[in-house]
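Please treat every number below as a calculation from the coordinates, not as lab data. Quantities reported herein were computed from a predicted structural model and do not represent experimental measurements. Cβ coordinates were reconstructed from backbone atoms using ideal geometry, including for glycine residues, and neighbour counts include every protein chain displayed.
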Amino acid sequence: MVLTSIDSAVHIATSSPCGPVHINCPFREPLENSPRTWNPICLRGLDSWMSTSVPFTSYIQVQHSYRCNYNTFTDDALEVIKKSNRGLLLLGAIHREDDIWAALLLAKHLSWPVVVDILSGLRLRKYFVPFPEFEDTILFIDHLDHMLLSDSIKGWMKADVIIQIGSRITSKRVAQLLESCFPCSYIMVDSHPSRHDPLHIVTHRIQCAIPQFADYLITTCTPHARRKWECFLQALNNVAAWDISFLINSEYSLTEPCVAQMTLEAIHCESAVFLGNSMPIRDADMYACNGNWVERTRDAAVFSSELPCHFIQVAANRGASGIDGLLSTAAGFAVGCNKRVLCVVGDVSFLHDTNGLALLSKQMLRKPMTIVVINNRGGAIFSLLPLMNMTARSILDQYFYTSHNVSIHNLCMAHGVKHLKVQSKMELQDALLASQMDKEDFVIEVDSTIDANAAFHSMLRKVSQQGLDHAINSLSKLTVLNSTNDGLIPSKVGKMQYSKYRIQLSSPPTSTSACHISTYHREGFVISLYLEDGSTGYGEVAPLEVHQENLLDVEEQLQFLIYVLEGVTIDHSLPLLKGSFSRWLWQSLGIQPTSMFPSVRFGLEMAVLNAIAAREGSNLLNVLCGQTEEATGSSLDVKVCALLESNGGPNEMALVATTLVKEGFTVIKLKVARQADPTVDIAIIKEVRKKVGWEVELRADANRRWNYDEAVKFGLSVKDSGLQYIEEPVNDEDDIIKFCEETGLPVALDETINSIRKDHLIVLAKYTHPMIVAFVIKPSVVGGFENAALLARWAHQQGKMAVISATFESSLGLSALILFSRYVDLLKLDTGRILNKEENSCVAHGLGTYQWLREDVSRRPLMFGYNPSNGVVEASVTDAGQILQRFQFNQDAVGGDFTFREVHAYEFVADLEGTSICLNVQEIGKNDDSSVVVFLHGFLGTGEDWISIMEAISGSARCIAVDLPGHGRSNLLGQDYGLEEPGLSIMAFAKILQQLFDSLQCRKVVLVGYSMGARISLYMALRYNDKVSGAVIISGSPGLIDEEARKVRRAKDDFAACSLASSGLEPFLDAWYSGDLWNSLRTHPHFNKILASRLQHCDLKNLARVLSDLSVGRQPPLWEDLKRCRVPLQFIVGEKDVKFKNISQKMYDTMCQSTETMIIPEIVEIPYSGHAAHIENPLPVISAISQFIREVELKS
């Protein structure tokens, strides 16, 4: 403190105007004259300063005359920045748009992690659709405050260079981290001359405009990035964000952190925020959401901005002013910024400035304000401070909480201000929406309590700390991280292949109806994932028809994965299972997570995790836990629930149950609702209970086969039989709660949670009822380990059991499920510690399907057996781990390997009016009697766009993609002497393709076309139906009817063609993809790669001609032809592509209303996609095309 204060004083004294400076030395504490021993620790980190004559803090004042004033800076700080290994960019309070823009550009250039304070304006950033790349190139660390709850992270996170732009920092924990980084280089940049060094560790104080500083660094400094530092921080930030979101959204009451999240999430781009002191600004800094996508508006101020994301101006009144005058300040802020202001304050702050309400009623030149008052009837901040644990409650109430019973409603009424009180999330959401639409000031009072607020904050801290400790421990254990070069050796996929298996079962699976056949089989696939370093991971994909999956559809997704996985980097954060797999699927593979079949995702996750474990010389459980089996504590084995099909009489079933108990099973699940009348099931349950006694837990499973009355009859009759629960008793999930309340029988959910694919926590809100006591979670049905872990965490949080269940997998899948069951048991113990609940008893998991296996895919059998130490049947975690680590195929059960299918490329020369046109053709798949499917790309595309989809479908069809004239590697070779160059109209394209079809030596083809290719496909299907057996139209149009519209479109396309020919491809692409039609595509993680592929056209002249000649304004309209259609059609559109959804619906209506055609087309809407649905979300497109091809084959 002394050093920095003296340095500041010397700088002020010697700067213009020069003069004396008075240094005020406060009395030491304590004030009494008690002797104190000299502590040399105060000199820690000052060795460098003591060895030189330079000041501790260098003051650099840069005038607007530009870089000549930077000489001092370049000699010292610039060199420090260049050599930084652990740089950190900290954005404090920033209020000007050009400062925000400069900070973003600097962040992008440095590639350092960026910590954004709530007052920076970027903490609440909202991205514009055209700029997704900024989220990829700038690593925002939004949750550093919560990350620092972990002592391990605090000990690890030591920055060597800190650049702070803007003034004060809100978070005390972040400030403490910065102080702990000392000695380090700390560069503080702000245009204001005031001193900003509360920690007394700033080594370089640069007073200059932020854009000026950023411009200088960008032009003179090229720092090198350290991947370990950045990847660790990114993974930890993602974990913190996931934990916060999970806790807030799984608590269905309206908590104060939820208020912070909801209010700031609802803010509009053109609004501003004023945050009150104490809890409101802290909660906003810790829990506010960010990074939402917004469309560019036509508001002049926003539309003219060049920012990649819109920052939300945030102001606060912190410091000596305390809680006085916050409403008045907020009103003044609203006048000054000329925006609609959302003000969030606590009740005590509100009451300290009730006169501010009078300001609201005055007719000032400002926009309406929304004031959110969090009313917990006192000073809740003190409940979160250490003094709470050492002070009597009566003292807290009297001197700290300042409790009150003042009516905020009456105060607002007295001042004529609208008031609304809310107590739930839905009420708050509605109130915020109403206030934004209102043209008057609005006070929203949120009802809260000090104790509830303290309890939930405590829960958030404990869960975050636990999750972050686990995350950094898990990441640190991975040996892919080392200290050489940039600190990170990436794991990349060498290749993936799969094998089909068929194994015999002893009886039919309980999920299917009994068949009168002598043998039963289970079929599926084994994935083999090979990393480039030689590590191999195995996964099992075993779909069941009852879960709306079949082998054919699943295999197509596996073939797609073989193509897209090659060379992909395995993210080291995947084992954390907190959104990491979903992010990886989307960002690395371009796959919408919800579009993958659940069994496929399960198998892929299993293979990836096993590959990571193989690289570490470990097993799946240790990778998930971040620790060895011995360190996990308690038993290393998993308790197993026996499974009993109730296909006999009461005595027979009781005898079987008794046998199971003698074998060591202490939990038995009986399948019920297999009989016509529940009376038989009632008798079975009663007889089994009578024979096995009361020490054995009984479960029942109706698989949704009863109607409500039948279920109630069963429930009331067995209510006294001590069932632990019954699974899915009714066929209508809306009747589940009613069943619980009428029968008093505990219920477990199975099929109900299987269908949840997104917004899990929102959907699960319906099932918090205390009589729903368990979730039966099938990882292969809910979509992998990550989704299963989410469901298990939610169940534990709500005090319910999480039972992991198999779906008749082989020993390979069962081994993974055993380890995962153990992982879930450990999660339960962790949650119990946080909730202060004793969780000694282990859950019996539904792994009894091993008894059905007569054959297996593994040469080594899986060990299930009686454990004499506790007297129950268990599955061995050690044995399951060894099977996964040393897996060997049983060749009698597994067929050959399926791997990447080679693409055969060749040229085909067609004649068009004397001109030779050379087409680049790519072909994959069977060359037999299978269907021939020809894929036609859109304008600026190539046949390469279809390869991944062709790979998927090529197992059952001969797939051919063509570079259309002017595109890719196709070109016009020249024409006969004296002939004019032919036009490239839609009719010309049809003639060219007809020649190609003739060369294929097939009777007919199925056409799949996108956009321009869709128009060609539709034209050929309607006018060349002797060559076409069906057509899939993706985002296609039959043309324009109105002549004026045709004329306008011709002019527009002709102008664009001229621009392409004259200006070149790159500027044309920028203009082409800036249109609203591509909003969705621009958000795709591979958009830049897609854009780069559009530069690979070798015939620019004819590319421009195609745009003009094939204009929608020139092609003949096909609306009348649709009325006479003789060929099956399928229309595929993206759900976000409003224009082409309307066109497809109009085509559908035209055909359905026609009396001249019997063809009823199908419209398939692809979720999470826009115009380029086949690129944005390919898996459902593959399923739709494949199903259409099969239907066409049947009809022909």
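Here are the numbers for the structure shown:
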item: In order through the stretch 1187-1195: 3J(HN,Hα) via Karplus (6.51 cos²θ - 1.76 cosθ + 1.60), integer Hz, x for Gly, Pro; result: 5, 5, 4, 5, 5, 5, 4, 5, 6
item: Residues of the stretch 588-604 with amide N under 19 Å of the 7 Å Cα→Cβ point at Glu545; result: 598-600
item: Built amide H within the under 5 Å cut-off of Ser1029, gap 5+; result: Val1005, Val1006, Leu1007
item: Kirkwood estimate for the stretch 491-630, i.e. one over the average of 1/r between Cα atoms, Å; result: 16.1
item: Long-range amide H partners of Ser491 with built H, under 5 Å; result: Ile570
item: Inter-part distance where the stretch 181-227 and the stretch 1173-1196 are each reduced to a Cα centre, Å; result: 56
item: Violating pairs (Cα-Cα greater than 22 angstrom) within the set Lys1052/Lys1101; Lys82/Lys108; Lys1101/Lys1136; Lys690/Lys837; Lys228/Lys495; result: Lys1101/Lys1136; Lys690/Lys837; Lys228/Lys495
item: Kirkwood Rh, angstrom, the stretch 733-836 [1 / mean 1/r, Cα pairs]; result: 14.2
item: Per residue, the convex hull volume that the Cα atoms of the chain enclose (Å³); result: 234
item: Top positive-direction residue, dipole computed over the chain with Cβ charges, set Ser1186, Ala93, Val730; result: Ala93
item: Footprinting exposure proxy for Val546, Val877, Val417, Val239 (fewest neighbouring C-beta atoms within 10 Å first); result: Val546, Val417, Val877, Val239
item: Ordering of 1184-1193, 687-696 by burial proxy (mean other Cβ atoms within 10 Å per residue, highest first); result: 1184-1193, 687-696
item: For the stretch 1044-1108: rounded, prolate or oblate by the Cα gyration tensor [a/c cutoff 1.5]; result: oblate
item: Calculated [θ] (222 nm, deg cm²/dmol) that DSSP helices of n ≥ 4 give over the chain, each run adding -39,500 (n - 2.57); result: -12000 deg cm²/dmol
item: The stretch 1118-1196 shape via C-alpha gyration tensor axes, a/c threshold 1.5; result: oblate
item: Set of lysines near Lys339 by C-alpha distance (under 21 Å), chain-local residues within fewer than 8 positions excluded; result: Lys126, Lys362, Lys367, Lys418, Lys439
item: Surface/4 of the Cα convex hull for the stretch 238-291, nm²; result: 4.0
item: Under Karplus coefficients 6.51, -1.76 and 1.60, residue-wise ³J(HN,Hα) of the stretch 722-732 in Hz, glycine/proline x; result: x, 5, 5, 5, 10, 7, 6, x, 10, 7, 10
item: Given charges at beta-carbon only (K, R positive; D, E negative), |dipole| of the chain in Debye; result: 1280
item: Over the stretch 171-279 - Rg/Rh using Cα atoms and the Kirkwood inverse-distance radius; result: 1.03
item: Estimated vicinal HN-Hα couplings, Hz - the stretch 937-951 in sequence order (Karplus 6.51, -1.76, 1.60; Gly, Pro = x); result: 7, x, 4, 6, x, 9, x, 4, 4, 9, 4, 5, 5, 5, 4
item: Using a Förster distance of 30 Å, the FRET efficiency for Arg859-Glu695 (Cβ separation, nearest 0.05); result: 0.20
item: Under-5 Å amide H pairs with Leu505, H placed in peptide plane, nonlocal only; result: Tyr520, His521, Arg522, Arg854
